[in-house]
Structure formats: C-alpha cells, structure tokens
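Notes follow the structure.
The values are calculated or read from the model by the stated rules, or taken from the named source; none is laboratory data. Remember, predicted model here, so these are calculated numbers, not experimental data. Cβ: placed from backbone, ideal geometry, glycine included. Neighbour counts: every protein chain shown. Accessible surface areas use protein heavy atoms only, side chains included; no ligands, DNA or RNA. Shrake-Rupley method; radii C 1.70, N 1.55, O 1.52, S 1.80 Å.
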Amino acid sequence: MLKQHLQQKLLQKLSPQQIQFIKLLQVPTVALDTRIKEELEENPALEDPSLMIAEEPKGEYDDLNDTPDDFDSSAKEESTDEFNVDDYLQDDNVNDYSTSYNNDDDEEKKETPIAIESTFFESLQEQLDLVPLSDQDFIIGKQIIGSLDDDGYLRRPITSMIDDLAFSQNAMVEEEDVLEMLKVIQSFDPPGIAARDLQECLTLQLKRKDPANPIIQKAIIIVENHLDEFTRKHYDKLEKSLGLNSDDLKEIIAEILRLNPKPGDSNQVTTKQLQVIPDFHVSNNDGTLILTLNSKNAPELRVSRSYIDMFDHYDKAAQKDKKLKEAVQFVKQKLDSAKWFIDAIKQRQQTLLKTMNAIMQYQYEYLLTGDERKMRPMILKDIADKIDMDISTVSRVANSKYVQTEFGTFLLKSFFSEAIQTESGEEVSNKEVKKILEDCIGNEDKRKPLADEKLTEILKEQGYNIARRTVAKYREQMNIPVARLRKEL
C-alpha cells in the first residue's frame, strides 16, 4: 500500500567557491605553484604578472585604477545587462597580500642542481658492457639487472626469468646458465648486489673482505649459520656455539653492522623524494616569536586587462545578436572564475596565518626553546575554538602544512598531542612523557636495557601514572625496539 507524507530535511551544500577554497587549502606549498599554473592555462582571464614578458603601457587604463578591489564570492550572480566590469579591476601597482608577508627573493633565485651521476641500473649496465660475454649471456645479464628491485635484491624466481627470456627474447636457456650469470652480476659493485635474500647479501659483502682475517671468517659463519640468533641478539648462544669471548664477538658484530643491507640504495638516484617546503617560518627575535608566511603562498595574480577591455567593448555594443551575447557570457564566466580563484588564494593565506598564529600562541614556550617537555596538550578543537573555525578546516591545515623553526622543520600535526594527568592533577602532553622515555632509553646501560616494566616504574616515580601497555605503545610510536633487541655487548 502506497502512502504519501511530507518530510522536511535540512541540507547543507557547498558552493563551487567553497569547494575551490577547500581544495586549495589542502594543497601543500610544493604543489601550489603547479596548481596555479594549471589554472592559468585553463583560464585566459587570469594572469601572473611575474610571467609577463613585457609590462603593459602605463596610462592606458589610468581611469580604471580607482575602482574597488573587493569581491563577494557568495553574492548572487548578476545578469549580463547589470554586470559591472569595474568589479574586476585591480591596482597593478599594489599587491595587497604579498606585502603583508615575508617575500624571500633569494628563495626564488636559487638554481636547482642537476644530478649528473649514473643511476643504479645504468651503473650495473655499464659494468656488464665491460665483461666479455656471448650474446646469450649478455641477454641473460640484462634480464637479471632489469629484474632487480630498487634496493638491489633479486626477488624474481629463476624459473620466471627463464620464461621471460623465452617469450620476450626468444632465448632458450637453462637454469644453470642463469645462475652462472647471476654470479657474474653479484661480482659487480656495489658489493651484495643481486642477492636473493639478506643472508646472501651480507655473505657476498663479507667475502669481498680479507679472507685471512679471523674476524671476517667468524662473521661469515655467523651470517651463514646463525643469522637468526644474531638478529634476535642471543649473544650468549653465539658465544657458546662458536667458542668466542665477549670482546671477539663485539668485533664480529661491529663488522657485520658495517655492512649495507640494501646495496641498491647506495647509488640510487631514481627514487623520487618528496621535497618539503615549509609553509611558515617562526623566528625568535630576542624572546619574541615572529611568524611569516612563505612567499610561495602569496603569488601575484590579477584579472586580465585585455579580457576586461574585451568585455567592456562587447557590453557597450549598440546591438547584440545571439553570438555577441554568447561571447559576453563566455567572457563574464572567465572573469568570474579568475576573481573567484584570486579570492580563494587570499582566503587560503588568511586561514593559514590565522591557524598557525593560534598554534604558535598556544605552544609559545615550546617554539621558543624547542624543549618537547614544554609542549602543552593540544587537540584540534582547542585551535578551532580559538580562531572560530570548523575542526575540519584546522585538520586540513595541520595534516598538510609545515613550519620551519630554529630547531627544525615540523608538520603542524606534530604539535597536537593528548593530555596526561600527573599525580598532582596537572595536565601534560604525552610528548613530554615520550621525551622522558627517549631520554631514559638513550641513557640506559645497553648491556642491560630497561624493560617496559622498569620504564613504567621510572615514570611513576616522576609522577606520571601510566600503564605498562601505554609505555609500550609510546615506545613503538617512537620506533624503539623492545629491551632484548636494544641489548649490546
């Protein structure tokens, strides 16, 4: 049976301008330039004066310079007949937002260094070219090099490479042929290359060293036959099994630890690395913190004067046919889009500064000293309430923006932490507890590392009533292994 009923819903929809602002807010500084270039390519009504080949003649638009620069992106779109071109005019002689921030001219002039060294795979190929080989062995060698991972390991099964050679190179080879060529590749630099596992990688490197050295001989025996005990730091078992004293074992362990577990990384220039460009700079001027926004976040953008002039010409035409009206509408749409983008960039700058300033004031003592023990507990809601913005907005800023201080460059997210209550009732940041844990572990006797239970007792003695599982969680978050794996001779 069908029933009809009325239902009232309250829905919140974002305007295109709000969506554009949200997307721009999430863009990191390193990608902002690319995003602006995309917009410049898509919208001819938007211009970057710094990219202009020559300046426009002065005086031609003098009568336009006194027009207002304000634009309300939330205002209702006016009809074409009521459209006022003056809304889109800007004063080219004044950058009303770049002057408010620190523009580092030297930063723009820095040249990007060009890497001229060979890549990891090119280096191996060059070494292969120098070895006198038959055509078939050369093809096998190229296949092995092409099958290596970025860390230098050969994890592809031999049988799979044989199939690859048969299908792609029409080369029928046996497993012995591939294994023989594998030995040739393993003799190349860097040592340990083309190993099939960590054990083989370390063994290959040790066998390149002095074979008459008893320390090297024992190190090879440990890697080949006792690697599991070595990685688990069961040093007592190693001493008994090999008849070693602690001094000899210490030398052997030091020799093994000097080996490279990832030989491919030693000459790897093909790996893409994310370049971190700080969005903010916080400097200490005689005890006063000064906040500046990176100049890359304040680009000089303006609405194209040629498009403004074009619209003015079309709009004042005595007669408007269908095509002319379409042209007017097209130009108006591009001008709207350009102005909205400029407005979103300005709003992005204001939001970034407002958020970072609130964080700086909240963590003033920490940013003055760099001492993590002075970091206050702070959650997203604390900053959102302070600047009267939504928590999601603060989260977008904190998760993607970096600040450069006098003691390092940090993701804003790292300034947020949970609160822990001490025995005296005072709330402190869990970063303070982590710092104490780090200091305790750093100063421990490595022959008898502190277990989690002992660390829990130390914290309780200092007034931090924390459970052992919480200590273990903080230790894991700092990538510190358990006490057994921290043991040294």
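Pairs linking a residue in the stretch 284-313 that is buried (at least 17 other Cβ atoms within 10 Å of the Cβ) to a residue that is part of a loop (DSSP other than H, G, I, E, B) and hydrophobic (A, V, I, L, M, F, W, C), with Cβ atoms under 7 Å and 6 or more positions apart or on different chains, are ASN294/ILE277; LYS296/ILE277; VAL303/ALA45; SER304/ALA45; TYR307/ALA45; ILE308/LEU89.
Residue-wise test of (1) surrounded by 12 or more Cβ atoms within 10 Å (Cβ to Cβ); (2) within 30 Å of ASP309 (Cα to Cα); (3) at pLDDT 50 or above.
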{"site": "ASP81", "(1), (2), (3)": "no, yes, no"}
{"site": "PRO113", "(1), (2), (3)": "no, no, no"}
{"site": "GLU117", "(1), (2), (3)": "no, no, no"}
{"site": "VAL131", "(1), (2), (3)": "yes, no, yes"}
{"site": "ILE158", "(1), (2), (3)": "yes, no, yes"}
{"site": "LEU165", "(1), (2), (3)": "yes, no, yes"}
{"site": "VAL173", "(1), (2), (3)": "yes, no, yes"}
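Take the conditions (1) basic (Lys, Arg); (2) over 30 Å from GLN127 (Cα atoms); (3) modelled with pLDDT of 85 or more; (4) outside any helix (DSSP H, G or I); LYS240 misses just one of them, which is (4).
Of the residues MET389, MET375, the single one that is of a type outside the set (Gly, Ala, Ser) and open to solvent by less than 30 Å² (accessible area, probe 1.4 Å) is MET375.
Among the criteria (1) within 30 Å of GLY408 (Cβ to Cβ); (2) hydrophobic (A, V, I, L, M, F, W, C); (3) open to solvent by 70 Å² or more (accessible area, probe 1.4 Å), the one PHE330 does not fulfil is (1).
Restricting to the stretch 38-56, what's the tally of residues that are modelled with pLDDT of 80 or more and more than 30 Å from the chain's Cα centre (by Cα)? Total meeting the criteria: 2.
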